[in-house]
1. Want the number for residue 373 to residue 144: 0.36 nm per residue separation, take away the alpha-carbon distance, what's left?
2. Could you bin all the Cα-Cα distances of the range 225-273 into 5 Å bins starting at 0 and give me the percent of pairs in each, rounded to whole numbers?
3. How big is D for the range 213-313, in µm² s⁻¹ as a whole number, if Stokes-Einstein is applied with the Kirkwood radius of its Cα pairs at 4 °C and 1.567 mPa s?
4. Which three extents, in angstrom, do the Cα atoms of the chain have along their principal axes, listed largest first?
5. Semi-axes of the range 106-284's equivalent ellipsoid from the Cα gyration tensor, sqrt of 5 times each eigenvalue, largest first, rounded to whole Å?
6. Given a cut-off of 32 Å, name the pairs among 144/249; 75/249; 176/312 whose C-alpha atoms lie farther apart than that in the structure shown.
7. Calculate the spin-label point distance for residue 96 paired with residue 174, positioning each point 7 Å from the Cα along the beta-carbon direction, and give it in nanometres.
8. With the other protein chains left in place, how much accessible area per residue, in square angstrom, belongs to the chain at a 1.4 angstrom probe?
Amino acid sequence: MKRLIRTVLFVGFVFAMLLVLASCGKKDDAKNETVTPTAAPTETPTPTEVPATPTPTPNPLDEMTLKDLYKDDFKIGVAIPNSLYASKAVTEEIAANFNSMTFENESKPDQILDIKGCQSGLPDTYTEPKVKFDSIKRGMEYAKENGIAVRFHTLLWYQQTPEGFFTEDYQKGSPKVSREVMLKRMESYIRQVMTYMEETYPGMVYCYDVVNEAVNPGEGDPDGLRAKSFWYEVVGPDFMNYAFEYARKYAPEGVDLYYNDYNCYSKSNQILKVLEPILAAGNIDGIGMQCHLSTSTSVAREVIGTAKTFTKAGFKVQITELDIGTTNTDNGFEIQAMKYKVLFQGVQKGKRDGSIDIDCITVWGIHDSVSWRGDEYPLLYKWNGYKMTKKKAWYGAMQDPAIRAMEF
Ligand code: GLA
């Protein structure tokens, strides 16, 4: 009899425990379902992946870093301005989490081209422009000390390039040079930059953005090439073909050459069309997708889908300027973290199944206070005056199981 009572009590206890556990699970699901987007959702939410699981304390991800998590998949990059090297809190966090870096502005033509030297050096400088490299010294030293590979951004761009580069006497407003002279200046510039980088910092630059933002179908020529650009106006629609030809000529063996652009999903056909002859000539390796996104971006369609299209067409892919704008609310940061998770998860999956030939994901800045989109809080860290704090977005990029991989 006693034994029967003990058995009944035991079965009852187990049954009660099961009920408690089941109701806990429901509560978690319900909590997750209450997440509602505040930042202009475009579609009904559809979970694309497994639901979140509660965060353990301490979170084991805090013992890990981005570059270690993705070491077998792709590099993790960050854009850095010179002003940040003075902060130990920042440089230590970067060295721990990133193995690729881009100069935010310091390697663009308006910093590398020595326009005064070009003017005073005439006539010798007429087809041999003067260049200077002071702006990148600090960053290259930092990269060297910490074993960080450098993606060089950018050789040719319609912006942040002095107008004087295109004129007879290197002065703004003067008559433009001929196509022939401009091609000589272009070749000389590319040769001088690549030669200097390789001689001074051997093996450190692993890829170049040869041309940035040359496709703009809205205001472009019939092929969608941006027509309002001095490169287009002075050299002509084939200026990119020459840029990549020269870049290949002077790039060290194994260094990749990229075309880089924004909103690639909306103009992938035009991009592929203008790059076709360059690819056929063997003068380009990859396409950089900038990816300045928001919480209403469909990452699956705009990022993952486009990366697959470019891979299929024979290009390597990089995400080169990632940031995801949101609102300054808990909900906004929650959705931002989900977007980061969907992106990193989707790209990693594509890398592993061979549908995305991704080489690096670069975030465009380290913390919100130094972002060019600072009022949209788009990055992985925030800064409280003396210390870096990881945002939920960082945990999203780490694919924290406590963050759902959701698309809105
Ligand atoms: C473009 C450029 C970057 C940077 C951003 C704005 O995306 O490619 O170099 O200038 O604009 O910060």
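The values are calculated or read from the model by the stated rules, or taken from the named source; none is laboratory data. Remember, it's a predicted structure, so these values are computed and weren't measured experimentally. For neighbour counting, all protein chains shown are included, and Cβ atoms are generated from backbone atoms with ideal geometry for every residue, glycine included. Calculation scope for accessible area: heavy atoms of the full protein, side chains included, ligands and nucleic acids excluded. Shrake-Rupley method; radii C 1.70, N 1.55, O 1.52, S 1.80 Å.
1. Here the answer is 79.6 nm.
2. The distribution over the range 225-273 is 5, 16, 22, 23, 20, 11, 2, given as percents.
3. Translational diffusion coefficient: 90 µm²/s.
4. Largest to smallest, the principal-axis extents are 111, 46, 37 Å.
5. Whole-Å semi-axes of the equivalent ellipsoid: 24, 23, 14.
6. From the list (144/249; 75/249; 176/312), the Cα-Cα distance tops 32 Å for 176/312.
7. 5.2
8. Ligands and nucleic acids excluded, the figure is 45 Å² per residue.
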